[in-house]
Structures are given as C-alpha cells and as structure tokens.
Number of protein chains: 4
Amino acid sequence: MSQPLRVGMVGYAFMGAAHSQAWRTVNHVYDLPAPVEMRVVSGRTEASVAAAAARLGWSGHTDDWRTLLTRDDVDLIDICTPGDTHAEIAIAALAAGKHVLCEKPLANSVAEARKMAAAALAARASGVRAMCGFNYRRVPAVALMRQMIAEGRLGAIRHVRATYLQDWIVDPSFPLVWRLRREVAGSGALGDLGAHIVDLTQYVTGRLITEVSALTETFVKRRPLPAASTGLSATGGDAEMGDVTVDDAALFLARLGEGVVASYEATRFATGRKNGLHVEINGSLGTLVFDFERMNELQFYSRDVPETEQGFTRILVTEPAHPYLAAWWPPGHLIGYEHTFTHQAHDLVQAIAAGQDPAPSFSDALQVQLVLDAVARSAETSAWTAVEPVSL
Amino acid sequence: MSQPLRVGMVGYAFMGAAHSQAWRTVNHVYDLPAPVEMRVVSGRTEASVAAAAARLGWSGHTDDWRTLLTRDDVDLIDICTPGDTHAEIAIAALAAGKHVLCEKPLANSVAEARKMAAAALAARASGVRAMCGFNYRRVPAVALMRQMIAEGRLGAIRHVRATYLQDWIVDPSFPLVWRLRREVAGSGALGDLGAHIVDLTQYVTGRLITEVSALTETFVKRRPLPAASTGLSATGGDAEMGDVTVDDAALFLARLGEGVVASYEATRFATGRKNGLHVEINGSLGTLVFDFERMNELQFYSRDVPETEQGFTRILVTEPAHPYLAAWWPPGHLIGYEHTFTHQAHDLVQAIAAGQDPAPSFSDALQVQLVLDAVARSAETSAWTAVEPVSL
Amino acid sequence: MSQPLRVGMVGYAFMGAAHSQAWRTVNHVYDLPAPVEMRVVSGRTEASVAAAAARLGWSGHTDDWRTLLTRDDVDLIDICTPGDTHAEIAIAALAAGKHVLCEKPLANSVAEARKMAAAALAARASGVRAMCGFNYRRVPAVALMRQMIAEGRLGAIRHVRATYLQDWIVDPSFPLVWRLRREVAGSGALGDLGAHIVDLTQYVTGRLITEVSALTETFVKRRPLPAASTGLSATGGDAEMGDVTVDDAALFLARLGEGVVASYEATRFATGRKNGLHVEINGSLGTLVFDFERMNELQFYSRDVPETEQGFTRILVTEPAHPYLAAWWPPGHLIGYEHTFTHQAHDLVQAIAAGQDPAPSFSDALQVQLVLDAVARSAETSAWTAVEPVSL
Amino acid sequence: MSQPLRVGMVGYAFMGAAHSQAWRTVNHVYDLPAPVEMRVVSGRTEASVAAAAARLGWSGHTDDWRTLLTRDDVDLIDICTPGDTHAEIAIAALAAGKHVLCEKPLANSVAEARKMAAAALAARASGVRAMCGFNYRRVPAVALMRQMIAEGRLGAIRHVRATYLQDWIVDPSFPLVWRLRREVAGSGALGDLGAHIVDLTQYVTGRLITEVSALTETFVKRRPLPAASTGLSATGGDAEMGDVTVDDAALFLARLGEGVVASYEATRFATGRKNGLHVEINGSLGTLVFDFERMNELQFYSRDVPETEQGFTRILVTEPAHPYLAAWWPPGHLIGYEHTFTHQAHDLVQAIAAGQDPAPSFSDALQVQLVLDAVARSAETSAWTAVEPVSL
C-alpha cells in the first residue's frame, strides 16, 4: 500500500459532519490504494473546533486554516465552509501544493470560480489534484443513470426535467440565517439547490446547457434576525428584521446541446418537499427518473420490451453489480445520504493515488457557475441568455 | 347480425346498478354478434322497481321475478339479489330455458350451489348457458396476469398472497345491515370478499386450492339494528341492538396444486383500505402484483432482463394490445370499476352467440363455494381441512 | 320534470365517442332536472356517420351539420370536431338559438375565439348558454383540489408546477396525422395538452397567468404522410413525407396573480408517459398534487398536523362526500376517464335547466387562448410576453 | 464522561461488518455517556481475522474467542456468529462478567435460548447486561410506529399483517450455504426472517402471539454443495448435491392478546423482493404500514381527520423530532440499513451506562424463540399450537 493520504478539513458544520463521516468510513468499506488519515480540522473558534474535532474524529484542530498550508502532514485540504471563503482557501491550498476537495458551489461568483479553475490547472502540472464536491453524482442510482444513457438505453435525448424542492424556510418566522444573505451565500435556492441539478443533469446526459430563460423570486422579503429569532434581542418590532437578499426560488428553461430542451426549478418554498431532487430524462427509446427522497431507486421505461409489458421499472439500486454497491450490504438493504460522500472520498482517493484528475474538476464546476450566472442575469434582464463558455 | 339478446334483471341495488351500466354500454363499445336489449327489471316493491327501471334504463318492470320466466321476450336472466335467493331464481330460470348470469357468491351453501351447478349442466344440453359473475376476472390487468402466467412468464409458481381488505364496518355504530346476517348473506367477509380472491387466484394461476387452515373473527359482536340506527325506533338501549352472525374477517393458509403455498385474508376491518383487493404471485422466473385500488396497473418483475435493470415494472394496462382495451380510450386514459361488468357482459354475449359455455361456469363457482366451505369448517374445527372436489 | 334537453353532436371520432358515452350515461346516474335525448349526430360522410350513429346511440344522423341549426328538436349542439371548424359551427349554432358545448381548445386562433366569445355573450341575452369542454375540471380529485384551495387549506399560493406528458409520436415513423398540421390543429402539444394544464391550474388556484417566457420545439420535422404510412401510396421516398407544422413540445415559465410563479410543459415526446397530466401546487400551509394516470387519487400535504405525522396523504377520491361521487360506486371502486365527460354533461344540463351560465364560458376559454397565444409569441420572439386581457 | 466501553466482537462476516460500522460511528454521531473502543475481534482463522480487524477497524484480533473472556480490557462481547454458537459463547461471556450483545435469533433451539435467558438473569444481579440484536426495532419509522400505537393513534388493534420476503435462493443452482443447513442455522426463512417480523410486530403492538397455525415448505430440496458450485470439485453429478434441511418458506396464522388476529409469512422465494419486510397494523382508529425497502417512510391512515381528506399519509421519517434522527442529517436526507445497528449500539451503551436493562432482553428473545418453536411444531403436526410462555 502507498503512503497514507492525510486530510485537513476547513469547516465542521453540516457539510463538515457529512465529510467526516465519509473520511471515517471509506477506509473500512473500500480497499483503497492509500489509507486515509483524519489529521486536523480548522474553525474560527478554538473551543468549538476542539469539540468538533473530538466529536467528528479528527486527530487535531486549529483556529486558523492557514496553518494547514504549512503542515507537512497534510496532503489534502477539504473545504466545507460557506461559498464566500472557497476561493481564498482553495487557491492558497493549491499554491501550497495541497490537493483540494471543495464543496459546491465552487464559488459565489464567476470571477472567483475562474481564478480557482486557473489555479487548479496551474497546480495540476505539479501533480496536485482539485475536485469539486457535487456529491449527488455519487448516488448509485445517478451513476447508473449516467451509465445507461452512455450505453444508449435512452436513444436520442429529447427532454430534461429537473426540480430540487425543499421547504425549510416556508414559515415567514424562520430567521435570516447565512444562507439567506447574498454576501455569504452568493445566491439562494439557485446556488444551493440549482447548482446540484445543473451539474447532475449535465453529468448524466453528457450535454451542456447553452442558453437559459429564467425567473427568480423572493417570497418573504424580510425575516427576523437570528438573534431576534432566538430571543437574544431585548426589543421587538421591525428593527429586528433584516432583508433577505437572495432568491427563494429560481426557475429556468434551457437548451442543451444536440437539441435537448429542459426545465429546471430550485425552491425552498415547496411545502412538504424535504429534499426533493427529482430528475426525468426522456429519450427516443426510453426514460429514466430519479428522486432523491427514494434515492435507492431508479425508474426506467424502455421501449425495448414487448408492448404489453412496457412500463416504468422501479430498479432497486442495491445490487452488487450496481455502481459503488459491491462494498456495502446485500440487495434490498438500503444506503443513505451520507454514503454519497463516502463514494466521493473513494473516487478522490483513487484518482489521487492513480495520478489522475478527479471529476468534477474545478473547470467543470466553473462551467456550472457560468450556468448559474446566466440564470441570474436572465432573471434580471428577463431575456434569454447564453451560457458563457469556460475560459480561464 | 343475429337476434337481439333480451335481458331481464332481478334486483336493482348496488349490483343491479352496476350490471345496468354494463348492459346500457356494451352495445355501444363493442361490436357484438347480438345487440342487447334491457327488457325488464324485477323487484319486490312496485313503486321502487318502477323508479329503478326508469333510472337504470329498463323498458319494463315487475314486482314478481317469476313473471320473467314466462315472458317470451326475455332470453337471459341476470340475478343481482342477495345470496339466499340465488338458487331458487337460477334453477327456475334455467328450467324455463333462460340463460342465467348469477352474481357471486353462487349461493349461501354448498348444497344450494351444487343444485345450481347440476341445473346448469342439465340446461346446457338444450343450449342454455349459465355463468357466475366474478367480475374481477374482467379487470384488464387481471386478464393480462392470467395470460402472462399461462405463457410461462413466471416459471414455476411458488407463492400466492391474496388479501381483500375493506373498512366499511370498522365503526361499531355502523348498523346491522343484511350483509351482517348469516341467514341472508351466508357469511361475512368470507363470502363477500374471500370468494373474489379465491376465484381470482385460482383463475390466474390455473391451480385449485386443495386444503386450508383458517381462522375467522367477529370483532364487533352486536350492532344497532338498521331501524335504530336511522332513528326510526323510539326506544334506546340494547333492545335495539342485534347479533352480528357472520365473520368480520377470515384468514387462511392454503395449498394449491403443484406445490404452491398461499395465504388469504378477507376483512372489513382494515381501516383505510377501501377496496383493497391485492394479489401477488411469485414464480421461479418472476412476480406479478395486482391491487384493485390501482386497477389500471399491473406490477411485473422478471428475472429475464439484465440484472442491473431488474425491478418491478408498473405496466399501465391501457394499451390497445391489452385485454378488452382496444374498444376503449387511448393509452393512459383510465377505465374504472364498472368496466369490469361491461367486459363481463361482452364475454357472456359472445359466448351465448357462439353457442359456447361462458366462464366461470356454475361448476367453477361451486368449486369456489367448496373452498369457502372448507375455510368455514377449518375455522370451526381449528384443523387443516381438505377442499371437497366438485361433484354434482 | 322539465322538457327534455335534445342534443345534436357534430363529429364522432375520439371526442365524439367520449361525449356519446357521457350523454348515454348521465340520465341513468344523476337525477337531472331535464332528461337528455341523443337526437342526431352529423359527419361529412353519410355511410360513416350512419354507422357511428348506430354504434354510439344517436337516434338520427346527417352529413351536413347545418341541418342541426334548423331542427326544432335540437336544443344543444355539441361540437367534437377539430379546432379549425369550431368558430363557424359555434357561432352559427348560437345565432340559431342553440345552446353550445364546444370541445377545447375553443378555436385555433385568438381572433376566432374572440368572435365566439362575443357570439356567446350576445346569445346569452336570450337565454342561450355556451360552454367549453375542459373535461379535466370534472375529475373529482381536481374539483376537490379547487375546493380545498378555495377553503384556504394551502394558505398563500407560491408555486404552480404543471406538466402534460404524452409519447404517442415519439417514433419518427408515426404518420403526419391532422393533429400535426397547423392548418387543422392550430398548434401541437401546446393547444392539445398545454390548453388543459393552463385551464386546470387557473381553475384550481383561482389566479390567471399574466406573463410567460416560452420555448417550443419540433423534434421530428418530417413524417410519412398518412397515405404513405398506411401503404396506399405506390411510390417510396421523401415524396411521401410531409412537414410537421406544429410544436412537438412547448415549455414555459409564467407568473400568475398575487405573486405565484409557475412552470408548464406540454410534450408528445415523453417516452413512457401515456397521459401524464401532473399538477403540483405549493402554498404556505400545504401542497396538493394530482396526476391523471392515478386520477382517483389526490396527494395532500398539510402543515396543520403534528410535525412528526406530516407527509403526503394519498386521498382516494372515491367517497360519497367527494365531488360528483355520491352517484357512483362505493369507496375504493374507481371511476375512469370517461366519467369526466359524464360529470361535464351533468353540470351543463344543470346550468341550462337552472337558467345559469355554465363554466368554463367561452370567455374563460378565450382567456386560455390568449395564454396560448402569448406562449406562441414568446417562443417566437424569445421574450417574456404579457398575456393580453380578455376583451370582446 | 465515564469509563470507555471496550468491545470485543466474535465473527466478522455480514453481521460483523454491520456491527463494526455501528461501533465505528456511534461515538461520532451521538453524545454517549461512555466512549466506545473497538478492542478485539475473534475468528477461527488467524490470517482472515487479522485482515478483518484491519479492514473493520478493530485494534486487535484473536483466533480464539475464549481469550476475550479473560481480557480485562473487554467490557462487552458482541456475538455475530451463526446461531449454533450463540449459547456457548454468550453463557461463557456472561459468566465471565462481560456484557453481551447477541445477534438474533438468540439460539437455534428453545432449550439453548432458555439457558441463555437464565444466564442473563443470573448475571444481571451483578450488573451485567445482555441484549439480543433485533436491529429492525431501531429503524426510526418502526420506533415511531411503536410510539404512535402506544399513544393510542390506532385505537383497538384488530389485524397484524407481516411478511418478510426475499429471493436470494430462488435459483435452484444457488449452492447449499450454511444458512440452508439445519445443524448450523437452526431453521431457514423461519428463524432468519420470521424471527424479525415476530419480534417487530410484538414490539410495536405491545402484544404477544399466543397460538399459531403454520405451514412450511422447501421448494428446492437438493442443491449443489458450495465446493461444487464454486468449481472446486472435480466430479460432476448428484454426488455433489446435498439436501436442504431447512424451510424455504414459513407461513402462519396467529392470535395475539386482546383479540388481535394476524398473518405472517417469511420466504426466500419471493422473486423480486430483496428485503421485503412489510408490516401493516389495522386498528379501530387508523392503520400503520411499514416496508423496509422504503425504510425512511411510514404510512399512516387516521380516521381522525375530515372524511374528505383521509388517506394514507407517507410520513418521511427524517425529521429531528423523529426517533434517533436529531443526530443525523436534515429532513429528507435519508439514512440506510446500517444506521439501525448504530442506533442499537447507542441504546445499548446508554442502558449500560445508566445501569439499566437494555431491550430486547434475552428473555424477550427466548419468547420469540418459543413462537418460532410453536410455528415449527404446528407445521409438523398440522395443528393449531399454543406458544409456550417464557419460563426459565
């Protein structure tokens, strides 16, 4: 076995917890060419990050992510912080010769994303690898979807229909958290949810979005400040309210290469939809449908069976022959959300060990950013807007 | 076109309404060898039957079913009354040379059913036809199920799993209607619901039940008399209650021919299940699943596709190539419960015109009765009980 | 009971058959204030229409629809022909003092639709009624949806998500039938399918579409002429091909009144979707979802139950307390596509008898036409396009 | 924090891998009163167990489970071997003062199970804890089911309907593995699958099975020996076949306390059912349905909502307020099979730390064994058979 891959992680909230579960697990499930070691986690507050390190299983901790750059015992920096910090950390890490895994969306702006992609390209020359964390690619059913489309099971692709529906801010009294502030999050549903379905549909179809017509909406325009909402503020009234500066919902029509037409929708106001990432692809020979809330299943319709027996087949994607699954449990014994991160860790470690570029690259992620940018501009100008090609 | 087939119907409640809808419709949807004419309906009360005739579309009416026997303009007698009257009417009708369609269950006892089957056999010699109305055979998805099993799509049958679940008497204040009285209904869930799944599973598998182990239960043993429940009674208290004399639920294990094992359950106490006729057949090569609450669908699992694409296929049974459907609407435009009776009418008219025996025959229905009888005896004796073979 | 309502129908293909089934049935299921009589059907070819009259149950037939205008024994003219003929027939019928039921879409152009709406308004003064046949309003689950939204069960509406997916022309060898020719059909998926979801979503939400951004696509641009495809043509090659002059698919984003955002898609290229009319409405308090392929069901999510018990409730819309259903079968005994036309007939007869305007009126249908027109113009100009308000 | 809980595990195949994943994870997800340490794993073959220890994350290993008994640094022995070894190991471990977690079924015979339960009772006096691993109790949806029934949401329980369907031996060429040999596995589908649904339904309803009527079947009576099937054998023919000595399927009717009637079925021959543990409980006020293949969902029907809105609610059991879930991911982000073991580990550690008895106890597991024994005897004698009460 080769040298261990020693990881340092920046950020330890929701994404940090999910990544930690993956790093803790991947060694024990897959035969990796390099064992993973969880060396250090960084955060802004000493006491909090110390507790997080203990809880999440990191050997060490620091309150300054910059210290990771100079540590000899860190090979890979895993960035799990909000989008406004990605560019600075990733570029510095790559410059320091560290491999980088960066959570999506790659950045809060195209300009930042472009710099990151350029940095990744530069670092690549010296064998340094960079990858963006679009974890839903690693749902076995999604990987199977890509495989079946690549094999021609759908024929000529006609339609893409993708929604990512959540409902966690449907209540107007839900506070103004960082994800609702443009300066930290970049955008709202668009970057948080829309980015996933843009990447996922381009990934499974192998086609890129070329132009879009979009609308965005902010249904609840002012919300209680988090302090106010948690009762820490003494005074009442609108003084304790703040402006929501991101979109609650983003909808867009799109054209993809080779004549494909598409509809996308990302929203946090679809009451009852908890993590409703739903994708349908229609081709001349068949259809595939995926819904994350039933992530172990893939629906497949094929015209390639006798007419009286055609229908949507609910494939339970838990067989050893399905992507990623030989290492897990017997058929019918489901896996969950966190497994997508374990699979992602597996693919990244494999690529690094093999001296290959992991996917999606920072350039791939920049391209997604360019789509989001076209969507935002289209919504602003109320005009069909071309997606700018990737250029570094 | 041959002579019209002139129908007289006995009874005009729920089943009578369903049969009437079928007789009104069948001419207009299918090209029948003989047009159907709705001549006369009989009932006990002149005023009521007159109103029913007008509403349901019968040319005439009578308050004495015996008059149907002597009318020259009645070719077929359709019996839609409760089970305690079937034997007398059917035997008299057959003796009078009328074709007979008799609602299921054929009779309230094996003795009666045996007499009816013997009468049908005797009448057959002079070209008189008799059929029992197990309408669920005529759900297109069920007919398709039978066809696929006959073609070997399931391989060797291993398991039958059938339930018929309803909930309309789950409330203890629901009154003691005729279906809850043994002297009229013969039995409760067993004859009303169990008869359907016995017939349906034997029909689709082509195998007969040979022995059973059963239990029956009456959860609510006394109920308000209908008069009391509708407020017609002046006094309160238990005097207005009556004994429920039939089973609320009947469950049994069974063995069918060729090594098939089976489980059956019929109940009126499955809260939330409105018409939950659910059947699953497992074979060595595949599985078929039908649920009446989604009667336009059939689930099919086949081991005969690549392993990674296996799953339950939801066949929307609405294609022209599916049984009965070429005459109806385009694919995806559903049909309903009443269509099973129209299909039944179609099959019966076709058989009569062709001089063939319609199925299920009275002997087939007697065999179902023998199964129900074995179930009832098994429940009483708490012993495995063989199903008596059909003998007239 | 008042005088009978005597119907003359124009056209007897798919829609004519569906309407006939309704006219044959409605008397026998509902207590109508006026009995319906099926007097006469018209068509272009004597022999064909004679056969159709016999099969579908009409007393008479004619090969000239104009004769219906002067017959004293026709009270209502039911128009079931392609869209290019609607205006002429409807306007003449109204002028002749006949009530009119006209299939959707009301017309092939806004200009025609406007004339029809004006004619209806003029005729109304003399008690003549006009209605457009958006039958999906009469699915009990859809009627229930409207009722629940009107009662405030969803709170403030946020999102409308509507697709109408079919797949019957996915095969490029499918012939160039009239529905694929602009001069007869007006448009393709847009008018055929899109009209339904525009009407349905406006109906259930009580809000109108105000502006749209659209794209349309024709995936297969040339198809075999019907003659060629049926082998009647002697020569081969492209000479036997013709241009498809309508859209195969139409997608649009929309804004409705009161801040609702929406996404619509109509296509005939969604492989595996047979009659996939799917609508989801998200509100601040709940969500409703309807899918025609399971037309007896309505999904309802309510925030108004304990948090741990929230979820999508599959309401089986077959209870007597549900719209239209008291007249049909017991709970759980499904109805089908054709019942929507019976319900439509019921509502129309009731309105006429009560001297009230049936809904949707021709003005309502004109408004749908204006939406379709805005969609078509938006697709052409690639610009957000306002829906013109109804003006006669 | 108290002293760590140091674990030694016996066996490292499927169950060992699942338990290891739980032990590795539980510390990092839940705030435990005692940290878990994975000290040692034992197996029969030195090389294999060494590899397993490395892969699964155990600090040490041994080829003799008896060494665990005398190690001071082992507090808990986790038994993951086949059923024929449980009694010896568990009794010795308890005698050595070690806490014990023993996989289900507790033993291969009632006699063994009784000895184990007696040993557990004896050890309890000195604060030693014993628990049997019925992991499905720890599916959040199942725990919620129990909670809702205990709160009276179903009213009086009427029906239990439970199946556990798999299909992994449906192919007759599948080899004669240890699970198909009575001397190792004790029984077939009955103990492997039936044990789970017996425990689960008794757990959620709070009622015990009192009598049963059963049938068992072995569809494929001879199979290739594993050696033969893997090609290690030089000769062909029946010499390489062996007898299947366990049941392929076990079906039984049952009565539970307080008038509940029930149907159970466990089979390995339900083609297409991969891990089809399906349970439905009907009560006078509502119904609950669970299906493991959609383990993050629970279906709930309640009569306690307006009649027109009643239906089966698909509760997505992923909310923080649901059992076990506050520690995991946001709503809609599913968990999988392995999480049941993590929850089990959590509950066991909590109980040990609190000085309380974990559930299910060995006595509870003995009671399940007594049910299985009654089933086996009923199948043999073809008679209703009472379940013997627990006595030590």
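All of the numbers you see were taken from the coordinates with simple rules; none came from a lab. This is a predicted model, so every value here is computed, not measured. Backbone-built Cβ (ideal geometry, glycine too); neighbour counts: all protein chains shown.
So here's what we get for this one:
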read-out	value
For segment A:46-86 versus segment D:1-80, the gap between their alpha-carbon centres in whole angstrom	29
In nm, spacing of pseudo-spin labels at D:ALA150 and C:ALA13 (7 Å Cα→C-beta vector)	6.5
Percent antiparallel among DSSP beta bridges (both partners in the protein assembly as shown, rounded to 5)	60
Segment D:83-143 - convex hull of the alpha-carbon atoms, volume per residue in Å³	81
FRET efficiency estimate (nearest 0.05) - Cβ-Cβ, D:ALA54 to A:ALA354, R0 25 angstrom	0.65
Dipole in debye (nearest 20) - the protein assembly as shown, about Cα centre, beta carbon charges: Lys, Arg +1; Asp, Glu -1	0
Kirkwood Rh and Cα Rg combined as Rg/Rh, segment A:275-338	1.02
Partner chain coverage, peptide A:272-284 - average Cβ within 10 angstrom	6
Whole-Hz ³J(HN,Hα) from phi, Karplus 6.51 cos²θ - 1.76 cosθ + 1.60, for segment C:245-254, glycine and proline x	10, 10, 6, 7, 8, 9, 10, 8, 8, 8
Shielding score for B:288-301, defined as the mean number of other chain Cβ atoms within 10 Å	4
Per-pair calculated FRET efficiency, R0 = 25 Å: A:ARG222 and C:GLU307 via Cβ, rounded to 0.05	0.50
Antiparallel content of DSSP bridges confined to chain D, in %, to 5	60
Number of partner chain Cβ atoms within 10 Å, mean per residue of B:155-161	5
Whole-angstrom Cα spans of chain B along principal axes, big to small	65, 61, 42
Among B:GLN202, B:GLN367, B:GLN344: highest mean-square fluctuation, GNM of chain B, C-alpha pairs under 10 Å	B:GLN202
Residues B:LYS115, B:LYS98 arranged by fewest to most Cβ contacts within 10 Å	B:LYS115, B:LYS98
Simple Cβ-charge dipole of chain C, Lys/Arg +1 and Asp/Glu -1, about Cα centre, in debye nearest 20	200
Proximal aspartates and glutamates relative to C:LYS98, as straight alpha-carbon distance under 18 Å, when same-chain residues fewer than 8 apart are discounted	C:GLU37, C:ASP64, C:ASP72, C:ASP73, C:ASP75, C:ASP78, C:GLU88, C:ASP347, C:ASP357
Vicinal HN-Hα couplings computed from phi for segment B:71-86 (Karplus, 6.51 cos²θ - 1.76 cosθ + 1.60; Hz; Gly/Pro x)	6, 6, 9, 10, 9, 9, 10, 10, 9, 10, 8, x, x, 5, 9, 4
For B:THR85, D:THR287, order by how many other beta-carbon atoms lie within 10 Å, fewest first	B:THR85, D:THR287
Cα shape, segment C:26-127, gyration tensor, a/c 1.5 rule	oblate
Mean-position separation - Cα centroids, segment C:240-265 and segment D:345-364, in angstrom	60
Theoretical FRET efficiency, 1/(1+(r/R0)^6), r = Cβ-Cβ of C:THR245 and B:ALA122, R0 41 Å, to 0.05	0.05
Relative exposure of D:PHE362, C:PHE312, judged by other C-beta atoms within 10 Å (fewest first)	C:PHE312, D:PHE362
Under Karplus coefficients 6.51, -1.76 and 1.60, residue-wise ³J(HN,Hα) of segment C:331-347 in Hz, glycine/proline x	x, x, 9, 5, 10, x, 4, 4, 5, 4, 6, 5, 5, 5, 4, 4, 5
Centroid-to-centroid separation of segment D:102-151 and segment B:317-331 [C-alpha atoms, Å]	54
For the protein assembly as shown, alpha-carbon Rg over 2.2 N^0.38 Å	0.96
